[in-house]
Amino acid sequence: MKRVVLTGASDGLGRAFGMECVKNGVDVVALCRKQPDYECVFLSTDLTSKESMKASCKRIINEFSEFDALINCAGVQKVQDTGNINYDKIDELFRVNTLAPIFLTSELFGCIKQFNSDILNVGSTCGTKAGYHGEVAYTTSKWGLRGTSYTLQAELKATGCRVIQFNPGGMNTRIKAKDTGIEVSDPENWMTPDDIAKIMFYILSLPKQIEVSEITINRKVAV
C-alpha cells in the first residue's frame with residue numbers, strides 16, 4: 001500500500017490505524033473533524049454533512065485519486081433505552097455509521113474502480129448478532145453497514161477491488177464514554193486499538209488474490 005483514505009482518523013481505532021500506516025510508509029488522507037496528531041493529509045470533514053463530504057471527495061478526486069483503500073472507520077455510539085429514544089441522536093448515529101460509508105463509497109466509486117482500490121468497512125461484533133440493552137440503534141447501524149459490504153462485494157466481484165467487512169469486539173476506546181461519560185473501568189480486560197489496527201493493516205497488505213471478505217474478532221473474556 002502507498003496511500004489510504006481514512007475516516008475517523010483522529011481517535012480510537014482510526015487513529016491507531018493511521019499511525020500504523022505512517023509507521024509503514026503509507027500516506028494517509030484523513031477525513032475527520034479534528035486534525036490527527038500524526039503526519040497525514042487532513043481534510044476537515046463532517047460525516048453528518050453531505051456538503052462537507054462532497055467537498056472532501058472533490059479534493060480527493062482532484063489531488064489524491066489513486067489510493068489503495070478506502071477505510072470507513074468512523075463510528076459513534078448512542079446508548080438509549082428502547083421507549084425513550086431521541087431522534088436527533090439516532091439521526092447522527094446512522095449518518096456517521098451507515099450513511100457516510102455508503103455516500104463516500106459512491107462519491108469515490110470512479111477512483112475505486114479505476115485503481116482497483118479496496119474498501120474496508122469497520123463494523124462491530126454486534127452487527128453479527130443481537131446487541132446489548134440500550135444499543136438497538138447502534139446494533140442496527142452496524143447490521144446495515146454489513147449489508148453494504150455484502151452488496152459491494154457482489155457489485156465489484158468482476159474487478160480487482162476487495163471489500164472487507166471488519167467486525168471487532170470490545171476495545172479500550174472512548175466511543176461509549178463520549179456518549180455516556182462513563183470511562184472503561186477495567187482497560188486491561190479490553191482489546192487495544194493498536195493490536196486491532198495491526199490486524200487491519202495486515203489484511204489490507206495481503207496479495208490481491210487473497211480477499212478476507214469478513215472477519216470477526218472477539219474480545220476474550222475469562223469466565
Inset, instruction - Skip the ligands, DNA and RNA, and give the accessible area per residue of the range 26-72 with a 1.4 Å probe, whole Å². - result: 50 Å²
Legend entry - Residue range of the chain that is longest and free of trypsin sites (Lys or Arg not before Pro) which are both DSSP loop and sparsely packed (at most 15 other C-beta within 10 Å): 35-128
Inset, instruction - Taking the dipole about the Cα centre of the chain, with the C-beta of Lys and Arg at +1 and of Asp and Glu at -1, give me whichever of C73, Q153, I85 is farthest to the positive side. - result: Q153
Legend entry - Calculated diffusion of the chain, Stokes-Einstein form, Kirkwood radius summed over Cα pairs, 10 °C and 1.306 mPa s, µm²/s: 90 µm²/s
Legend entry - Karplus (6.51, -1.76, 1.60) ³J(HN,Hα), θ = phi - 60°, over the range 152-166, in Hz, Gly and Pro reported as x: 5, 4, 5, 5, 9, 4, 8, 10, x, 7, 9, 10, 10, 9, 10
Inset, instruction - Please give the contour-minus-distance gain from A55 to I102: 0.36 nm per residue of separation, less the Cα-Cα distance, rounded to one decimal in nm. - result: 15.3 nm
Legend entry - Nearest 10 degrees, 0 to 90: helix 193-205 Cα axis against the chain principal axis: 30 degrees
Legend entry - K198-N84 FRET efficiency (beta carbon distance; Förster radius 41 Å; 0.05 resolution): 0.55
Inset, instruction - Determine ³J(HN,Hα), in whole Hz, for all residues of the range 70-75 in sequence, where each value follows from phi through the Karplus function 6.51 cos²θ - 1.76 cosθ + 1.60 and θ = phi - 60°; x replaces Gly and Pro. - result: 9, 10, 8, 10, 4, x
Inset, instruction - Would you mind telling me the share, in percent, of accessible area of the chain contributed by carbon and sulfur at probe 1.4 angstrom? - result: 51 percent
Legend entry - Accessible area per residue, Å², the range 148-223 with all protein chains present, probe 1.4 Å: 59 Å²
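The values are calculated or read from the model by the stated rules, or taken from the named source; none is laboratory data. None of the values given here were measured: they were computed from a predicted structure. Glycine gets a Cβ as well: all are built from the backbone with ideal geometry, and neighbour counts include every protein chain shown. For the accessible areas, the whole protein counts, side chains as well, though only heavy atoms, and no ligand, DNA or RNA atoms are used. Shrake-Rupley method; radii C 1.70, N 1.55, O 1.52, S 1.80 Å.
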